[in-house]
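Shown next, in structure tokens, is the structure this report addresses.
The values are calculated or read from the model by the stated rules, or taken from the named source; none is laboratory data. Only a predicted model underlies this, so the values are computations on that prediction, with no experimental measurement involved. Here Cβ is always computed from backbone atoms with ideal geometry, including for glycine, and neighbour counts include all displayed protein chains. The protein model used for the area step is the full one, side chains on, heavy atoms only, and it has no ligands, DNA or RNA in it. Shrake-Rupley method; radii C 1.70, N 1.55, O 1.52, S 1.80 Å.
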Amino acid sequence: TRAGLIDRQIDITAAVSDVILGTPVTGVARLVGQPCVELCPSNDEARFNVVVTGTVYSRTIGHGGPAKVHGHSITHFTATKEVIYEPGVGFRSLAPHVTARTECYTDSIAPSRGGIAGRIIQRRASEQIAAQRGQLTAIAREKAVRRIEAAFERQLTERIAQLNQTVDF
């Protein structure tokens, strides 16, 4: 069906490689979302919204000095993109709007040394993470929103091109 061009599930896995608050971070992020089409009332144009609801799951390791921090984040999101049809031009879309809520978790802290020195490293790392939790969550949310926008833009651009080809027939 024509709607099938737009409402196919999005499932993308990508490598994460970044520096967050001075700490190199590597891992993987998976974005899973389900698009749906909502018609928009308009007197002079054919328009609809593509709304994607979904989740970004990230699992990362922060390589910070004497400790490795294993963690994950979960971002629940809703992304909306308006699509307009103009006769003679075809379908085009506007910039996406994303709302997101992120939760960050520390799974483990692995000190590079054992014994009492390792426990001190682990405690200090844990205290530093706790003190920066708000900043870390805000950064993770912002990075997830950028991933969502880029994936949504890429996926919908391809699907709108297919829709325009279908309409040309």
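Points worth noting:
- Helix-only mean residue ellipticity at 222 nm for the chain, each DSSP H run of n ≥ 4 adding -39500 (n - 2.57), per residue, nearest 500: -12000 deg cm²/dmol
- Within the full protein context, the accessible area of Asp11 is estimated at about 80 Å² for a probe radius of 1.4 Å.
- As a length-normalised measure over Cα pairs under 8 Å and 6 or more apart, the relative contact order of the chain settles at 19 percent.
- Label-point separation in nm, Lys68 to Ser126, each point 7 Å along Cα→Cβ: 2.0 nm
- The fraction of accessible area contributed by carbon and sulfur in the range 1-97 is 55 percent, rounded to a whole number (1.4 Å probe; ligands and nucleic acids excluded).
- Accessible-area order (highest first, 1.4 angstrom probe) of the listed residues Cys36, Cys104: Cys36, Cys104
- Inter-label distance, Tyr57 to Val19: 3.1 nm, where each label sits 7 Å from its Cα along the C-beta direction.
- Using a probe of 1.4 Å, the accessible surface attributed to Glu149 totals some 70 Å² when neighbouring protein chains are kept in position.
- Excluding ligands, DNA and RNA, the accessible surface per residue across the chain is 58 Å² with a 1.4 Å probe.
- Among the listed values (i) 1, 9, 18, 21, 21, 15, 8, 4, 2, 1, 0, 0; (ii) 1, 8, 16, 17, 13, 11, 9, 7, 6, 5, 3, 2, 1, 1, 0; (iii) 1, 7, 12, 13, 12, 11, 9, 8, 7, 6, 5, 4, 2, 1, 1, 1, 0, 0, the one computed from these coordinates for P(r) over Cα pairs in 5 Å bins from 0, in percent is (ii).
- Accessible-area order (highest first, 1.4 angstrom probe) of the listed residues Leu136, Leu39: Leu39, Leu136
- Charge dipole magnitude, Cβ of K and R +1, D and E -1 - the range 1-150, Cα centre, debye nearest 20: 840 debye
- Inter-part distance where the range 118-169 and the range 24-42 are each reduced to a Cα centre, Å: 10 Å
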